[in-house]
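Read the structure below first, then the notes.
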Amino acid sequence: MNQIQPFTLPGDSTMMQKDFLFGVATASFQIEGDYQHRQPCIWDTFCSIPGNIADGSDGKTACDHVNRWKQDVALIASLGVDVYRLSISWGRVINEDGSLNRRGMDFYIALLDELNRHHIKVFVTLYHWDLPQHLEDKGGWQNRETAFAFADYSRLVIQELGDRAYAYSTLNEPFCSAFLGYEVGIHAPGHKSRKKGRVAAHHLLLAHGLAMAEIRRHAPKALAGIVLNFSPAYAFTSSDADIKAARLAHEYHNLWYLMPLMEGRYPDIINSLSEAERPEILAGDMDIIKINMDYLGINYYTRNVYQAGGELGFEDVRIDNVPRTAMDWEICPGAFTELLKDLSQEFNLPPIYITENGAAEDDALLNGEVHDPMRLDYLQSHLLAVHHAIENGVDVKGYFAWSLMDNFEWAEGYRKRFGLVYVDYTTQQRTLKSSAKAYQGMLAYRQALSQK
Ligand code: IFM
């Protein structure tokens, strides 16, 4: 294969300076495997129900990262990234009685030590969807007590890891946990009720606020924040009705999570819900949730288009003849720049890290190589989209590609590949795709610039 062209950014871009952090990201359930040494989680249960996962797979082995972590750290280091974003499996480090699982904790301590030895900063996510099943049996995120259990778990982790982590994120994408998991049921634990979705969201946000206080107390030098996903909402037509529909969808799917953090209130669309569908908000909750953050993690993949209709005043429209990834998600880098600009104008945001961005492609290993032209274009255009946002005054401090390597893509199983690195699940062999080489090339060039 010809030499792979590195991704390029203008030489004077803030992103080419050495204090802008480039990274790769993963999550525990998606890569770790080694299920025998942790508590079962809601995704184990969800995977065991036929029909829930497209290819009938589960997370029992995944990328076998728990047994291959040293080799994986070497792989991460070989890319030349500044950051590795990972998540902790709650059930690997805490036993059912709330005590510490020493073996599980030591795994993460060794992992972080090895990353630090390579001068790689670690962004630790405390919750990336793998709630222990025994907590779901008591109501999961329906149960307010889960927020307090999360704070206890977070405290133990932070006390153990301390400043080994450069940054902690309390939650990854509470929208997915609450809406996909409790409201429409396509993710674990598979509930289908608007009330449950809204209650789960409130308890997740409460958990965030409580855990933030633990980070401040026990790892005062680490950055503390949250990771939210945004799919900006666009109107199908320029009619007032569709423009209003897009705003309502934005409030329901995006601002439901951001506004409580920034302004201590839910967006106005909460008033369209019946009393019975609203979460119970106790006195003081919104103050806990609104705690100051050092950064906001933003995950961006695609935009959505809406028209007037549906129970809450908006419904999805599928646009034809636009480029899409293997997830069938529209490729729209312009919406990424607009999102970053709009959010920064509407809210008094802390500095932003792009904690996930990437694309699934139907990759194939041919003669020891994986060429992924769509992902190359996707990443190049989205890196530029971030650059344009920064040029327009948005304070972005880092960009982490999703994902380091192919992994368990939730309800889609292993068929949707997001990695920069290809994983052969039979041999567990890792192969750098062209996109990994382009990322590596850009980072090597930036390194050379900084030494001039
Ligand atoms: O794989 C997921 C990740 O776990 C959370 N953000 C979106 C990714 C792609 O779907």
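Quick one: which of 60/397; 70/121; 341/416; 192/244; 221/290; 138/290 span more than 24 angstrom between C-alpha atoms? Each step should come with its number before you reach the end.
Values: 60/397 35 Å; 70/121 16 Å; 341/416 30 Å; 192/244 26 Å; 221/290 20 Å; 138/290 27 Å.
Pairs exceeding 24 Å: 60/397; 341/416; 192/244; 138/290.
In this structure, residue 237 and residue 329 have a Cβ-Cβ separation that, at R0 = 22 Å, corresponds to a calculated FRET efficiency of about 0.55.
Among 450, 231, which comes first, then next, by fewest other beta-carbon atoms within 10 Å?
Working: 450 11, 231 21.
The fewest-first ordering by Cβ neighbours comes to 450, 231.
About its Cα centre, what dipole magnitude does the chain give when the only charges are +1 on Lys and Arg Cβ and -1 on Asp and Glu Cβ, stated in debye to the nearest 20? Spell out each step's value before the answer.
Values: 42 positive and 58 negative charges, 199 e Å.
Charge dipole, the chain, about its Cα centre: 960 debye, nearest 20.
Around the Cα centre of region 348-390, unit charges on the Cβ atoms of Lys, Arg, Asp and Glu (plus for the first two, minus for the last two) sum to a dipole of about 280 debye. Here the alpha carbons of the chain define both size measures, Rg and Dmax, at 20.8, 63 Å.
Multiplying the residue separation of residue 186 and residue 322 by 0.36 nm and subtracting their alpha-carbon distance yields 46.4 nm. Amide H neighbours of residue 85 under 5 Å, counting only residues 5+ apart in sequence or on other chains, H built in-plane at 1.01 Å? Hits under the 5 Å cutoff: 24, 25, 26, 123.
For the residues 427, 170, 146, what sequence is obtained by ranking on other C-beta atoms within 10 Å, fewest first? Mind dumping the intermediate values first?
Details: 427 7, 170 28, 146 22.
The fewest-first ordering by Cβ neighbours comes to 427, 146, 170.
Note on 339, 206: ascending count of other Cβ atoms within 10 Å places them as 339, 206, the fewest first. Of the residues 374, 210, 306, the one whose Cα sits farthest toward the positive end of the charge dipole of the chain, with +1 on the Cβ of Lys and Arg and -1 on the Cβ of Asp and Glu, is 210. Computed from point charges on the beta carbon alone (+1 for Lys and Arg, -1 for Asp and Glu), the dipole magnitude for region 1-120 about its Cα centre is near 180 Debye. Across the options 269, 81, 351, the greatest Cα extent toward the positive end of the charge dipole of the chain (unit charges at beta carbon of Lys, Arg, Asp, Glu) belongs to 81.
Have a look at 109, 180, 331 and report the one farthest towards the positive end of the charge dipole of the chain, computed about the Cα centre with Cβ charges (Lys/Arg +1, Asp/Glu -1). Most positive-ward Cα: 109.
Laboratory data are not the source of any read-out in this text; all were calculated from the coordinates shown. All figures in this text were calculated on a predicted structure; none of them were measured in a lab. Backbone-built Cβ (ideal geometry, glycine too); neighbour counts: all protein chains shown.
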